Amino acid sequence: MCSKESEKIEYLEAKLMEKEKEIGFLREVFKNLPAYVVFIDERGVIRYANDNVAKLAGFDSADEIVGLKLEDVVVVHEDYIEKAKELVKAMKNKEKVENIELKLVPKDGEPFIASVSVYPIYVNGEFVGYIEVFKENELESIIEGIPDAFYVINNDGFIIRWSRQAEKLTGYTADYAIGKRCKDLFALSDNSQICRAIIEAIKSGETVMNVEATIRVADGNTVPVLVNVIPRLVDGKVD
């Protein structure tokens, strides 16, 4: 073997070792991230994941899920299928998409709300797969776990958060309800029990409990409900 060939082989081996060190470093970074991180190849097969992802499916380590499909570990909740289409579209187009809020159902565990991001990976200009990162939104998971209808309004009276249970009770979707005033959705008059309860809570800064009310729902019918209004206080003032 001539010296030039030997030098070339040594150079390639050195570059390979350098790449392996980089990959090892990235794996250590991913391993210690609090989020769930998974690398999926162009066929949809898991090639790398951190231990957080593995534990979702009841495995002890990430090595045990390499070679599986992501749906063998976690799937999107049926109520969020429409929302997940944005994510699927980006993946098909090999585009980056960030912070899509989805409800995920792990193979071995309870459903949770997560912020999901996908990043396509290219090597020498060739698509090789994508990194998917999903981070649990603990507050959203708590809200979605509340068995009663739940919504949040700001100081101007506009709805800024609308839970799945609120959707089921009223028939109004979150997309429709957010940005509207509650009286525009289901209060039968400006002087309804709900409106009075909200005004009282804002003025007093105290929780108003067990207010009997009647609301109008999406199909036009009326439904009797029991209302609790809990003001959010910041520095002693309703925020």
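Which shape class, rounded, prolate or oblate, goes with region 33-140 when its Cα gyration tensor gives a ≥ b ≥ c as root eigenvalues, a/c under 1.5 marks rounded, and past that a/b bigger than b/c marks prolate?
On the way: a/c = 1.75, a/b = 1.15, b/c = 1.53.
It is oblate, given that a/c is not under 1.5 and a/b is not larger than b/c.
What ranking of Thr207, Thr173 emerges when the number of other C-beta atoms within 10 Å of each C-beta is taken as an exposure proxy, fewest first?
Details: Thr207 10, Thr173 14.
Result, fewest neighbours first: Thr207, Thr173.
Mind ordering 47-54, 221-228, 162-169 by average Cβ neighbours within 10 Å, highest first?
Descending mean neighbour count gives 47-54, 162-169, 221-228.
Exposure proxy check: Asp156, Asp175 ranked by fewest other beta carbons within 10 Å?
In increasing order of surrounding Cβ atoms, one gets Asp156, Asp175.
Where a number appears in this text, it was derived from the coordinates with a stated rule and is not lab data. Everything numeric here is computed off the predicted structure, so don't read it as measured data. As a convention, Cβ positions derive from the backbone with ideal geometry for all residues, glycine included, and neighbour counts pool all protein chains shown.
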